[in-house]
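Below is one structure, written out as structure tokens; the observations come after it.
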Amino acid sequence: MSQPAPSTPPVRGACPHDCPDTCALLTTVQDGVAVRVQGNPAHPMTAGVLCAKVAKYPERTYHPERLLQPMRRAGPKGAGLFEPVGWDEALDDIAARLSAIAARDPQAILPYSYAGTMGLVQAESMDRRFFHRLGASLLDRTICSSAGGEGLVQTLGGKLGMRVQHFAEARLILIWGSNSIGSNLHFWRLALEAKRNGARLVCIDPRRTETADKCHEHVALLPGTDAALAFALMHECIVHDWLDHDYLERYTLGWPALRERALQWPPARAAAVCGVPEAQIRELARAYGTTRPAAIRLNYGMQRVRGGGNATRAIASLPALVGAWRNRAGGMLLSSSGAFPVQRAVLQRPDLLAGRRPRTLNMSTIGDELLREASPGFGPRVEALVVYNSNPVAVAPESAKVAAGFAREDLFTVVLEQFQTDTADYADYLLPATTQLEHWDIQIAYGHTDVLLNRPAIAPLGQARPNTAVFRALAQRMGFDEDCFRDDDEALCRQAYGPQVDFERLLQDGFAPLDLPEAPFAQGGFPTPSGRCEFFSERLAAQGQDGLPDHLPNYEVAEAGSPYPLAMISPPARNFLNSTFVNVKSLRDMEREPLLEINAADAAARGIATGAVVRVFNARGEYRCKAEVSARARAGVVHGLGIWWRKSGLDGTNVNELTSQRLTDLGRAPTFYDCLVEVAPV
């Protein structure tokens, strides 16, 4: 049935979710109810198009299971049993308990948050001010992108790259570690434009994704072998002299040493490591070395292994070898977030630490951190945890340990949430949070270079409050009387960029592009210490690390006789975004149930058929789900599609029961895709 004509103009907003596209939204509101969310056609990147997930945003906002009042635990930890409580009573008790812990040692309090919303205001403003003033432990927010981010910083000088719109003009596009159709839809539109104009598209990914289906070629390498492939491409560019010698001389640092290392990687060696045909590597190298302009769209799937930072460094070095940066449609893009002039010190106020230096705990090892006793090297045991914008019981690695840590009766846990997630089940207090349709926020992007403003389209449902309001109220109760705790959300939006972005334009249009060069590194000018693309990083060498990129084998590599012979990756299901949207019925119905994709040969050797319940296991744990014998899986690799809530699983677990808390070479990030398993029918 068609909707009646709206009585007021749509409200301009921005998608807050962890996706490169950061779409501009228009929300149609009738009688105070959001009836439709659509892409803003005036925003060039969004062009009126939304993914299937965000197009369902009203279904999520008005979900019958939405949390709409504060709740207090009324049963055992993890049982998910709660009773209603008033906001004042809840906040008074939370403030009192945090104050008592802080009086002993504020480092016993830990915030835990990530990109459940990527808005600068609801994700990293009033909350950071509160925890800085308190002196709580700091959180190393590493769970998604820090290995790749550090690789970019050490090579290019920051999270920077070519402007995404220029991919449409490329003649060759390597889509590396990215299922763009599912996780970068608006880039895919540009790739298709290039394809229609004659460009060749190559997908480099262990899984035959929906994106690989639509590319001219798929390179199905083994997980964690991306650096080996990059070095083989360098090798061929060197021996065939597909190099831009002038660019290498003027604008790079460490070329002779990198050249020597690359010459150790002939295609035959890389083919054996990557598990792909030698001829395919040679042809890919020829295409990259001889096609202009050539562009690489790198994404974060490839850096979730032991050598993820080094692999990013190796791939990020490729454009400088062939001079691809000279053309605006050449180069590479992993993240554009470093281009945004965010005034983080103004938003977060680290000066409120007043000289204190709290310890830093890594969110990717939260299972170990919560189970650790107090010690001189560690400090106090974590006594209180405040979780917002994240669902660590579902998303953090080695989740049996995470759940055990959250189940501690002596751990005081506060969770700000929109739904009763796996993590919410362990809360002592569960506080209802607003969605993007109900609060102010301002965004960065990591797949384009436009600032977006989000206006609230509707009043908060029930008793839901923005994160900022909760931390303001706690600050007041704990006697934090600095003026910064009185800033309202619109003021915080204005502070995020200060005079560097025209806020009046944001109010009028909902977005404002950054003024950036067309081809950022055409004449060098990298924001590294040397001003060059640093093949050799003096900063890494000073830390005792290898200054050159290298191929680091996975921690877990299958060998003959291994009890766990299959490599497992856990890419997101197409209709979920990490653990968000799992409870939206229309999207969950499309995904049906937790699945393990397995190659036909591997399935036959184990007597497994599609639809069979299987045990996926290793020394860390066991996970049961349905199998799907699929051409998307190459031999030797299985795919545990995620991230389902644990409570959706057949045995109350999800794929992270099997992943480890080992960290990457750079960036202290998790190694979700560095994981060996065995699979057996139940």
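Return the loop-located GluC sites (Glu not before Pro) in the range 375-436 (DSSP other than H, G, I, E, B) with at most 12 other Cβ atoms within 10 Å of their own Cβ; answer none if there are none.
Qualifying residues, ordered by number: GLU409.
Where in the range 37-117 are there GluC sites (Glu not before Pro) that are in a DSSP coil and have at most 16 other Cβ atoms within 10 angstrom of their Cβ?
Values: sites: GLU59, GLU65, GLU89; in loops: GLU65.
Loop-located and lightly packed - GLU65.
For an R0 of 30 angstrom, estimate the FRET efficiency from the Cβ-Cβ distance between ALA279 and ARG189 and round to the nearest 0.05.
After rounding to 0.05, the efficiency reads 0.40.
Give me the three principal axis extents of the range 258-327 from the C-alpha atoms, as integers in angstrom, largest value leading.
33, 27, 23
If you place +1 on the Cβ of every Lys and Arg, -1 on the Cβ of every Asp and Glu, and leave all else neutral, what size is the dipole of the range 457-539 about its Cα centre, to the nearest 20 Debye?
320 debye
Please grab the % of Cα pairs in the range 6-129 that end up more than 23 Å from each other.
Roughly 54 percent, once rounded to a whole number.
Could you list, bin by bin from short to long, the percent of Cα-Cα pairs of the range 187-334 in 5 Å steps?
Taking every Cα pair in the range 187-334, the percentages come to 2, 10, 19, 24, 23, 14, 7, 1, 0.
Accessible area of the range 16-142 with a 1.4 Å probe: how many percent of it is carbon plus sulfur?
After summing per-atom areas, the C and S share lands at 53 percent.
For the range 586-682, report the convex hull volume of the alpha-carbon atoms normalised per residue, in Å³, without decimals.
Convex hull of Cα atoms, per residue: 115 Å³.
So how exposed is VAL37, as accessible area in Å² (1.4 Å probe, rounded to 10)?
For VAL37, solvent-accessible area is about 10 Å².
Just to be sure I understand: of the beta bridges DSSP finds with both ends in the chain, what percent are antiparallel, rounded to 5?
45 percent
First check a/c for the range 417-484, with a ≥ b ≥ c the square roots of the eigenvalues of its C-alpha gyration tensor; if it is under 1.5, answer rounded, and if not, answer prolate when a/b is larger than b/c or oblate otherwise.
It is oblate, given that a/c is not under 1.5 and a/b is not larger than b/c.
Can you tell me how much longer the chain between GLN543 and ASP241 gets when fully stretched, taken as 0.36 nm per residue apart minus their C-alpha distance, in nm with one decimal?
Result for the pair: 105.3 nm of gain on full extension.
Please list ARG357, ARG200 in order of solvent-accessible area, largest first, computed with a 1.4 Å probe with all protein chains present.
ARG357, ARG200
At what distance in nm do the modelled label points of VAL557 and ALA52 sit from each other, each positioned 7 Å from its Cα along Cα→Cβ?
Taking the simple label geometry, VAL557 and ALA52 are separated by 3.9 nm.
If each Cα of the range 74-199 is one equal point scatterer, what is log10 of I(q)/I(0) from the Debye formula at q = 0.14 Å⁻¹?
Rounded to two decimals, the profile gives -0.88.
Return, for the Cα atoms of the chain, the radius of gyration and Dmax in Å, separated by a comma.
24.6, 73
Of LYS77/LYS401; LYS159/LYS401; LYS214/LYS626; LYS401/LYS647, which ones are farther than 23 Å apart at the Cα?
In this structure, LYS159/LYS401; LYS214/LYS626 exceed 23 Å between Cα atoms.
Just the isolated ones, please: cysteines in the chain lacking another cysteine beta carbon under 4.7 angstrom.
CYS19, CYS51, CYS144, CYS237, CYS274, CYS484, CYS493, CYS533, CYS625, CYS675
Suppose each label sits 7 Å from its Cα in the direction of the beta carbon; what would the ALA609-THR360 distance come out to in nanometres?
Here the modelled spin labels are 5.4 nm apart.
Could you state the accessible area per residue of the chain in Å², with a 1.4 Å probe and every protein chain left in place?
Result: 35 Å² of accessible area for each residue.
Would you kindly derive the ³J(HN,Hα) couplings of the range 190-202 from the backbone phi angles with the Karplus curve 6.51 cos²θ - 1.76 cosθ + 1.60 (θ = phi - 60°), listing them in order in whole Hz, with x for Gly and Pro?
Each residue's phi maps through the Karplus curve to give 6, 5, 5, 4, 4, 4, 4, 8, x, 6, 9, 10, 10 Hz.
Over the chain, what is the relative contact order in whole percent, taking alpha-carbon pairs under 8 Å and six or more residues apart?
Reported relative contact order: 21 percent.
Restricting to Cα pairs below 8 Å that are 6+ residues apart, what does the relative contact order work out to for the range 404-489? Please round to a whole percent.
RCO, the range 404-489: 21 percent.
How are the alpha carbon pair distances in the range 360-470 distributed across 10 Å bins from zero to the largest one, expressed in percent?
In order of increasing distance, the bins hold 13, 35, 29, 18, 4 percent.
Of ARG632, ARG356, ARG313, which has the most accessible area and how do the rest follow, probe 1.4 Å?
In descending accessible area the options line up as ARG356, ARG632, ARG313.
Which value at 222 nm does the chain reach when only helices count, each DSSP H run of 4 or more adding -39,500 (n - 2.57), with the total divided by all residues and rounded to the nearest 500 deg cm²/dmol? Let's see the in-between values first.
On the way: 24 runs with 202 residues, N = 682.
Helix contribution divided over all residues of the chain: -8000 deg cm²/dmol.
Would you tally the net charge around GLY621, using a Cβ to Cβ cut-off of less than 9 Å, leaving GLY621 out, and scoring K and R as +1, D and E as -1?
-2
Take the alpha carbon gyration tensor of the range 143-226, find the square roots of its eigenvalues, order them as a ≥ b ≥ c, and report rounded if a/c is under 1.5; if not, report prolate when a/b exceeds b/c, else oblate.
oblate
Share of the range 157-303's accessible area from carbon and sulfur, percent, 1.4 Å?
Exposed carbon and sulfur together represent 49 percent of the surface.
Net charge near ARG73: determine it from the other residues with C-beta under 12 Å of the C-beta of ARG73, scoring Lys and Arg +1 and Asp and Glu -1.
-3
In a shell of Cβ-Cβ distance under 10 Å around PHE511, excluding PHE511 itself, what net charge do Lys and Arg (+1) and Asp and Glu (-1) give?
Summing Lys and Arg as +1 and Asp and Glu as -1 gives 0.
With +1 on the Cβ of every Lys and Arg and -1 on the Cβ of every Asp and Glu, and nothing else charged, how large is the dipole of the chain about its Cα centre, in debye rounded to the nearest 20?
It works out to roughly 760 debye.
Among the DSSP beta bridges whose two residues both lie in the range 594-641, what percent are antiparallel, rounded to the nearest 5?
Details: 8 of 12 bridges.
Given both bridge residues lie in the range 594-641, the antiparallel proportion sits at roughly 65 percent.
Run the quick spin-label model on GLU249 and ASP351: label points 7 Å from Cα toward the beta carbon, then report their separation in nm to one decimal.
It is 5.0 nm.
Please give the FRET efficiency for ALA404 paired with ASP488, using the beta carbon to beta carbon distance and R0 = 56 Å, rounded to the nearest 0.05.
Efficiency, rounded to the nearest 0.05: 0.90.
Where both residues lie in the range 336-491, what percent of DSSP beta bridges are antiparallel, nearest 5? It would help to have the intermediate numbers written out before the result.
Details: 4 of 14 bridges.
Beta bridges within the range 336-491, antiparallel portion: roughly 30 percent.
The values are calculated or read from the model by the stated rules, or taken from the named source; none is laboratory data. Predicted model, so just to flag it, every value in this text is computed and none were measured. Virtual Cβ from ideal backbone geometry, glycine too; neighbours counted across all protein chains shown. The protein model used for the area step is the full one, side chains on, heavy atoms only, and it has no ligands, DNA or RNA in it. Shrake-Rupley method; radii C 1.70, N 1.55, O 1.52, S 1.80 Å.
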